[in-house]
Amino acid sequence: MTPRWRRLFWKVVDFSCEIPAGSPQWPSNMYEPLWLGIVLPFTHHRPWQLKRAPSFWDWKGKCAKCSGPVEAMEEGIFCANFGHSILGFPKCNRVWHAKCYECLGKKTGIDFPIKEMEDEQGNPWYKQAEREKRINYGIAGAHVVMPFQCECCWMQVLEGRAPKVGDELLVACIMRVNLDAMTGQAMTGQSKDTIKQHVNRMRRVLNFNKRYGKTLSFAPRGPLPAEDMVGMGTAVDMIIYSLEAVGRNDPYVQFSTLRQVRSSATKKNYDSSPQGVMEGTCFSRGTSKVRISECPTQSEFFGVFLNGLEYRMGVTSKANLPVSIRVIVELLKRVKSDAASMEDEAEADQLHKFGAFVAVCTAGSLRGCEGFLTDLSGLISNINRGRNGVIPTRLKDDFDEDVAERLPHVVITLLGRVKSETNEDTHQLAVASTTRSGIEVRWWIEKLVQICRSEGRRSGPAFATPDGKLASSSEFNAMLHKYLEEIQAQTTLIEDKIVVRESFGISRTFRKTAEAKVQDKMNRWRSIENADGKKPRFVMRDLYAGVLAQMPITWRYSYAL
C-alpha cells in the first residue's frame, strides 16, 4: 500500500523524481533514496495542474454579465480555465449565472435556426417558449460535466488572440456551440435536470469526503490544453454553414446536411492527414472495425454538441408519401386508356413506358432509381417464364421451387448498383403476373418489351428513349403528378388537403405504397440474396434458380398488392 505521505507528496508537487542511494549525487551511506519534488506555482505552460490553485468546487467569482456573485459550482457556469492563464494571456476569471449565459443571436442580429414545433393545424406547440428557453440559456453546473471554455479562451486557442471589435459573429457562434453542447449533455437523460442531478451528487460526495477526511477523487476542471482537442473549430464551421446555406424545405439547411460538414472534416480531411494516416490501424472482428483516434470531431464533446444541434434545428422531412393500391390501379387504368386514344404512336409508347415503370416499381417494391435499373435483355430472356402458370387451390406459405415454377409470374431483372452495395450486379425477382387488386404486371412488362423491340432495341436500360438513352426521371415525375392531381380532383382517393407535387414522387412513393400494403416483407429479397455477409455472384443464366427459391416471399407479397 502506498504510504499516505507519498500520496500527499505527489498531490502537492508538479513533477518528481527518485534518486537512489549510491548515486553520485546521493551517497550510499544515506541508505534511503531521495525523493525530489518540484513545484511550479506560477507557470503558464505544462504541467497543467497548478497544485495550489483553488479546487473547482471552491471557485467563486462575479458574473461576467450582471456582476453578481457566483459562490458555488452549482450556482453558475465557470470557464475551465478559471483562475489560470493559457498561451501567455491574462488569467481567465469568467463565470456566469445560468440565466445570464444567453445566446447572442438576437443581440447581434444573427438568426440561429430553431425548429418551431406546430400541431397539425399549424398552431404553435404550447411548450415552444419553454423549449426555446431551454435552447438559448445555459445550465448551472454544466462546467462540471463537460469541458466548457468561455468564448475568450476559445478565441485565444482558435485564433491566437483575444476577441476584438468585428468578432461578434464568431464569438456568438462559439457561444452557440457551447449552448448546443449543454443542451445535448442534458438530453442524454431526457431532462434538463440531468446536469443538476450530477452536480448535486458530486456535492454530496465532496461533503462526505470532508467528513471522513478522505482525499478527494474528482479530476480538476482545468486549465485545459491550449489546443482544439474537442472539435470546436469544426463545430463553429457547422454553425456558420447553417447561417449561410439555404435549404430546400426551409429557409435553412437541415441537420442531416450540416452533419456532412463533420463527415468531410473527419473522413476526408483528418483521415488523409499525416496524423490520420498514422492512426490507420484498426482492431477488427468479422465485418466490424474499431480504431483509436485523436480526431477532435470524434470527441465526447462533439457528440453531445451534435445531439443539441439536432434538438435545436429539428428535422423537416418532406419525403414521398405512399398512396393506396386503389390509386395505383386507377392511375394505370387512366394511363392505358389515354395511350389507347393517342394518335401519335410515340406519345402512346411513352405513356406505356411510364405505366410499366409504375407497375414494376410497385410490384417489385423498388425505389425510383432502382426502377431505372430494369434491364431489357433480362426481361426478354425471361419473358416466357411463368406465362402459363396457375395458382393452386391450396398454396402453402413455404412452397418449394417446383410449385413456384408453376405459379403465374413474371421476372423483373435489374442490372446496376442498388443502395448499400459497393459494386454493380444483377438482381432478379419474380412477382405475380397479376396482383389481387388488379395490377397487370405481366401485361405492362410485355407491352414494354414490345415497344423496345419496335424501336430496334434488345439490350440496355428497359426504360429508355428510342435511341437507347436512359429515360428522364423528371418527365416520369411530371407524369405521375399530372395523373395524381386528376385522381385527386375527380375522385375521393386522395385527400384534398394533400399537395400532390410536394407529397408524391417516383423516388419513393411506389416503394412506400408496397411497404404499407405488405409491411415491407417484399424487400426481404435483398437480405435473401446475402450469404454470410457476402452476396453470391451469379451469371445471368444461373440466376433463375435463386429466383424460384425467393418466390415464397416475392411472389406471395406482390400478389397480395
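The values are calculated or read from the model by the stated rules, or taken from the named source; none is laboratory data. Bear in mind that the values here come from a model prediction, so they are computed numbers and not experimental data. Cβ placement follows ideal geometry from the backbone for every residue including glycine, while neighbour counts extend to all protein chains displayed. Only protein heavy atoms, including side chains, enter the accessible area calculation; ligands, DNA and RNA are left aside. Shrake-Rupley method; radii C 1.70, N 1.55, O 1.52, S 1.80 Å.
Beta carbons closer than 9 Å, at least 6 apart along the sequence or on distinct chains, pair a first residue in segment 291-303 that is on the phi < 0 side of the Ramachandran plot and assigned to a loop (DSSP other than H, G, I, E, B) with a second that is of a type in the set (Val, Ile, Thr) and surrounded by fewer than 16 Cβ atoms within 10 Å (Cβ to Cβ) for 291/281; 292/281.
Close contacts from segment 354-377, counting a first residue that is assigned to a helix (DSSP H, G or I) and a second that is at pLDDT 90 or above and of a type in the set (Asp, Glu), with Cβ to Cβ under 8 Å and a gap of 6+ residues or different chains, come to 359/440. Which pairs do you get when a residue that is closer than 18 Å to residue 475 by Cβ, found in segment 449-465, comes within reach of a residue that is among the hydroxyl-bearing types (Ser, Thr, Tyr) and buried (at least 19 other Cβ atoms within 10 Å of the Cβ), reach meaning Cβ atoms under 9 angstrom, with the pair 6+ apart or on two chains? Taking only residues 6 or more apart or on different chains, the pairs are 461/374; 462/374; 462/413; 463/374.
Yes or no, residue by residue, for (1) among the small types (Gly, Ala, Ser); (2) touching a residue at least 24 places away in the same chain (Cβ under 8 Å); (3) open to solvent by 30 Å² or more (accessible area, probe 1.4 Å); (4) assigned to a loop (DSSP other than H, G, I, E, B):
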residue	(1), (2), (3), (4)
186	yes, yes, no, no
194	no, no, no, no
210	no, no, yes, no
216	no, yes, yes, yes
234	no, yes, no, no
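For segment 236-277, the candidate set comprises residues that are in a helix (DSSP H, G or I) and acidic (Asp, Glu); within that set, the residue that is nearest to the chain's Cα centre (by Cα) is 237. Here's a check for you: in segment 313-349, which residue that is out of contact with any helix residue (DSSP H, G or I) (no Cβ under 8 Å at 6 or more places or on another chain) and among the polar types (S, T, N, Q) is modelled with the lowest pLDDT? In this case the residue turns out to be 317. When segment 360-397 is filtered for residues that are of a type in the set (Lys, Arg) and within 27 Å of residue 324 (Cα to Cα), only 367 remains. On the stretch given as segment 246-260, residues that are surrounded by fewer than 13 Cβ atoms within 10 Å (Cβ to Cβ) and hydrophobic (A, V, I, L, M, F, W, C) total 1.
Can we say residue 200 is assigned to a helix (DSSP H, G or I), surrounded by fewer than 16 Cβ atoms within 10 Å (Cβ to Cβ) and touching a residue at least 12 places away in the same chain (Cβ under 8 Å)? Yes. Scanning segment 312-345 for residues that are over 30 Å from residue 131 (Cα atoms), assigned to a helix (DSSP H, G or I) and in contact (Cβ under 8 Å) with a residue 24 or more places away in the chain turns up 325, 326, 327, 328, 329, 330, 331, 332, 334, 335. Quick check: anything in segment 157-165 surrounded by fewer than 17 Cβ atoms within 10 Å (Cβ to Cβ), out of contact with any Phe, Trp or Tyr (no Cβ under 6 Å at 6 or more places or on another chain) and in a helix (DSSP H, G or I)? Yes, there is a match, as at least one residue in segment 157-165 is surrounded by fewer than 17 Cβ atoms within 10 Å (Cβ to Cβ), out of contact with any Phe, Trp or Tyr (no Cβ under 6 Å at 6 or more places or on another chain) and in a helix (DSSP H, G or I). Filtering 501, 511, 526 for residues that are part of a helix (DSSP H, G or I), at pLDDT 85 or above, under 30 Å from the mean Cα position of the chain (by Cα) and over 24 Å from residue 387 (Cβ atoms) leaves a single hit, 501.
Is it true that some residue in segment 75-98 is in contact with a Leu (Cβ under 6 Å, 6 or more places away or on another chain) and either on the phi < 0 side of the Ramachandran plot or of a type in the set (S, T, N, Q) (or both)? Checked segment 75-98: at least one residue is in contact with a Leu (Cβ under 6 Å, 6 or more places away or on another chain) and either on the phi < 0 side of the Ramachandran plot or of a type in the set (S, T, N, Q) (or both).
From the list 129, 72, the one residue that fits, being modelled with pLDDT under 80 and either under 22 Å from residue 185 (Cα atoms) or in contact with a Leu (Cβ under 8 Å, 6 or more places away or on another chain) (or both), is 72. Scanning segment 151-182 for residues that are farther than 15 Å from residue 309 by Cβ and of a type in the set (Asp, Glu), we see that the one that is nearest to the chain's Cα centre (by Cα) is 151.
Pairs are defined by a Cβ separation below 7 Å, a sequence spacing of at least 6 or placement on different chains, a first member in segment 471-485 that is in contact (Cβ under 8 Å) with a residue 12 or more places away in the chain, and a second member that is of a type in the set (Ser, Thr, Tyr); the pairs so defined are 471/465. Of the residues in segment 489-510, how many are surrounded by fewer than 19 Cβ atoms within 10 Å (Cβ to Cβ) and without any contact (Cβ under 8 Å) to a residue 40 or more places away in the chain? Number of matching residues: 8. Hey, does segment 87-108 have a residue that's surrounded by fewer than 18 Cβ atoms within 10 Å (Cβ to Cβ), more than 22 Å from residue 201 (Cα to Cα), under 30 Å from the mean Cα position of the chain (by Cα) and not acidic (Asp, Glu)? Yes, that holds for at least one residue.
Among the residues of segment 21-38, which ones are surrounded by 12 or more Cβ atoms within 10 Å (Cβ to Cβ), farther than 23 Å from residue 219 by Cα and not hydrophobic (A, V, I, L, M, F, W, C)? Hits for segment 21-38 are 22, 23, 33. Flag not set for residue 263, criterion: open to solvent by less than 40 Å² (accessible area, probe 1.4 Å), over 30 Å from residue 8 (Cα atoms) and of a type outside the set (A, V, I, L, M, F, W, C). Of all residues in segment 208-223, exactly one satisfies the criterion of being at pLDDT 80 or above and either polar (S, T, N, Q) or in contact with a helix residue (DSSP H, G or I) (Cβ under 7 Å, 6 or more places away or on another chain) (or both), namely 209.
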